[in-house]
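The values are calculated or read from the model by the stated rules, or taken from the named source; none is laboratory data. Note that the coordinates shown come from a computational prediction; the quantities given were computed from them, not determined experimentally. Note that we place each Cβ from the backbone using ideal geometry, even for glycine, and neighbour counts take in every protein chain shown. Just so you know, the surface numbers come from the protein's heavy atoms only, side chains and all, with ligands and any DNA or RNA stripped out. Shrake-Rupley method; radii C 1.70, N 1.55, O 1.52, S 1.80 Å.
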Amino acid sequence: MDAAEQSLRQSLSEKSSSVESQGNAVRALKASRAGKPEIDAAIDLLNKLKLEKSAVEKQLQSTITSSGNGSLNREAFRQAVVNTLERRLFYIPSFKIYRGVAGLFDYGPPGCAVKSNVLSFWRQHFILEENMLEVDCPCVTPEVVLKASGHVDKFTDLMVKDEKTGTCYRADHLLKDYCTDKLEKDLTISAEKAAEFKDVLAVMEDYSPEELGAKLKEYGITAPDTKNPLSDPYPFNLMFQTSIGPSGLIPGYMRPETAQGIFVNFKDLYYYNGRKLPFAAAQIGQAFRNEISPRQGLLRVREFTLAEIEHFVDPENKSHPKFSDVSKLEFLMFPREEQMSGQSAKKLCIGEAVAKGTVNNETLGYFIGRVYLFLTRLGIDKERLRFRQHLANEMAHYAADCWDAEIESSYGWIECVGIADRSAYDLRAHSEKSGVALVAEEKYAEPKELEKLVINPVKKELGLAFKGNQKNVVESLEAMNEKEAMEMKASLESKGEVEFYVCTLGKNVIIKKNMVSISKEKKKEHQRVFTPSVIEPSFGIGRIIYCLYEHCFSTRPSKAGDEQLNVFRFPPLVAPIKCTVFPLVQNQQFEEATKVISKELTSVGISHKIDITGTSIGKRYARTDELGVPFAITVDSDTSVTIRERDSKDQVRVSLEEAASVVSSVAEGKMTWQDVWARFPHHSSAAADE
Ligand code: AMP
């Protein structure tokens, strides 16, 4: 816990005891009918102590708020953003006329336009830049695929049920809410208790169902809606189950991620790529997760768009030819050590982070740098973007290193992109399950003489000894690595038998000398065959878009100063509409000119909207600012028009003929607004505004 917060909590608890004992003293004086001067003096002291206590309370409240925990301002800000988004149809709760379904949302017209801009920039920034191979696989996936990937057995969250109503909750969320609420709203808890809650928040991801259940009981946590008792936590699989075909005999699921579609196509894609590594495949598509109790609006939903890259690389060479393009970038990084020692994220140079081994390898570092460029170009505030390394306990056992791009929003720091070195896990799992070798080859220029490990289980002896379990023992023996095999060989030679753990049986068995032969043989090899490693950047498109909405949202006073106007300061790249065209007054001449400009804007591919309503120009500007439209053309003569830039509200005057091409150049980034300002007559607006 922050030292200032700790000492304030300490001081608050001392002040509270002083107030209490002085209160008792006053009551005692009154009861003993002490003299008035004596009672008055005691009351004065009591009032002074109360004032001191309330000053410390205020200080503590503001420390909590400024350290980022204060939820009140954040909630008010979020409400303003969400109201604007819903009113302007950026999104709509799905099936609203039937009261909607939690965790399902529609994108309305401006929302669709923003999403399409984000995805087309994603394609340009990643797929085009790296020559990635894009695929588009079905959402409905047969069970065998997700069994191999581990999702059928392990894609779970811990759930608790209201014992009376049956309402379900995510167990860790209830514990998290309880601890955060206590830390933010209960100023009376001691410094020790506050430290305990912070500790629970840090380690709760690691809790077993039993540990989580014990904590819920210890804190007396009940169902939030009814205060009824809760069941013990148990795992709930997040995949939507279905069956494929009318017989109901082929079980399937709606995919929880798009990655598996790429892995199962690895062999064909590798051939398509001329059997060369490294290469990357990419997929944009819907993913489905039956979240237990979706909250956090657009951030935790049950169907969402993922954009995923699987970059296949030789595990022995994870360098990246374009690493130098990003190596000088500096941004907020939050390595494991800093998290463990209670420090905060700090600016690091990605080149140095890779050189020092903080980031496992160049390819992972390259993608972290590219993700940083992608998000900041979209309009994410670089001060509210950090790359957080997974703690050892968060990472799957096979992963070499993982970093999340986290964006700060009114909900706190949110994981929006996961960038993981998943080693060879996925390809191996599908090779084993399907029997199709998902491997790559490296041809040697000259044949190499290599010593190879040869393990030959003697099936007859193993069959006699282990009967039905023979297959499991054979597979485990064959899967031994060199070190394990050579240790077994040595033990068998010295002792004649050895204990051997068979993971698929979950127990040790005794292997005797006659059951397996282990040797090393020299062989001439012309090529090396290996399972590639996979580096996976996985983008939650909806989360990125929501954070972008928050980062771009601001309010400013109207000219009369009587109301606050909303503005989405989207960069032109993502703005849903690039330009609005207004005839200043309703007359035929201006409306004709408006049509000409609109036609030209269409021909240069600039999305725009015409507003011919008779409302004041100020109101029309306010309407377009609220949609985040970066430029507005006002037709106020039949020879020239003004172009207004949303954020500065400055205006330039250009001829009617040039209007569309100027807007198109500046909207597509071929020119800056400063260039336009320097080139055309202008006035530092506000004057005509509002
Ligand atoms: P994961 O495979 O769990 O690492 O998720 C990949 C990405 O998907 C995350 O970085 C999130 O951006 C996004 N994501 C995961 N779950 C959800 C959800 N329920 N709603 C929206 N986005 C999600």
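Before moving on, here are some points about what is shown:
- Multiplying the residue separation of SER21 and ALA392 by 0.36 nm and subtracting their alpha-carbon distance yields 128.7 nm.
- Gyration tensor (alpha-carbon) shape descriptor, the stretch 536-610, a/c threshold 1.5: oblate
- 3J(HN,Hα) couplings calculated from phi for the stretch 333-342 with the Karplus curve 6.51 cos²θ - 1.76 cosθ + 1.60 (θ = phi - 60°) are, in sequence order, 10, 10, x, 3, 4, 5, 5, 5, 9, x Hz; Gly and Pro show x.
- Ranked by the mean number of other Cβ atoms within 10 Å of their residues, highest first, the peptides 314-327, 373-386 come out as 373-386, 314-327.
- Global geometry of the chain, whether rounded, prolate or oblate, following the gyration tensor of its Cα atoms and the 1.5 cut on a/c: oblate
- Normalised convex hull volume, the stretch 59-141, alpha-carbon set, Å³ per residue: 196
- The distance linking the stretch 468-496 with the stretch 501-577 is 36 Å (Cα centroid to Cα centroid, whole angstrom).
- Simple label model, 7 Å out from Cα along Cβ direction - ASP206 to HIS683, nm: 6.7
- The helix-only estimate of mean residue ellipticity at 222 nm for the chain, built from DSSP H runs of length n ≥ 4 each weighted as -39500 (n - 2.57), is -12500 deg cm²/dmol after division by the residue total.
- Surface share of carbon and sulfur [accessible, 1.4 angstrom probe, percent] for the chain: 52
- Qualifying GluC sites (Glu not before Pro) in the stretch 563-657, DSSP loop, other Cβ atoms within 10 Å at most 15: GLU563, GLU657
- Cross-link check: pairs LYS318/LYS670; LYS58/LYS198; LYS448/LYS483 evaluated at a Cα-Cα cut-off of 32 Å; pairs beyond the cut-off: LYS318/LYS670.
- Range of Cα positions in the stretch 539-690 per principal axis (Å), largest first: 46, 37, 29
- Cα-based radius of gyration of the stretch 10-97 once divided by 2.2 N^0.38 Å, which approximates compact folds: 1.97
- Nearest-10 value in Å² for the accessible area of ARG74, using the 1.4 Å probe: 50
- Remark: the chain carries 49 Å² of accessible area per residue (probe radius 1.4 Å; ligands, DNA and RNA excluded).
- The Cα atoms of the stretch 92-203 give a gyration tensor whose axes a ≥ b ≥ c have a/c of 1.5 or more with a/b greater than b/c, which makes the shape prolate.
- For GLU487, solvent-accessible area (1.4 Å; no DNA, RNA or ligand), Å²: 100
- Here's the picture: charge each Lys and Arg Cβ at +1 and each Asp and Glu Cβ at -1 in the chain, and of GLN124, TYR366, VAL200 the one pushed furthest to the positive end of that dipole is VAL200.
- Sites GLU563 and LEU89, calculated FRET efficiency, Cβ-Cβ separation with R0 25 Å, nearest 0.05: 0.70
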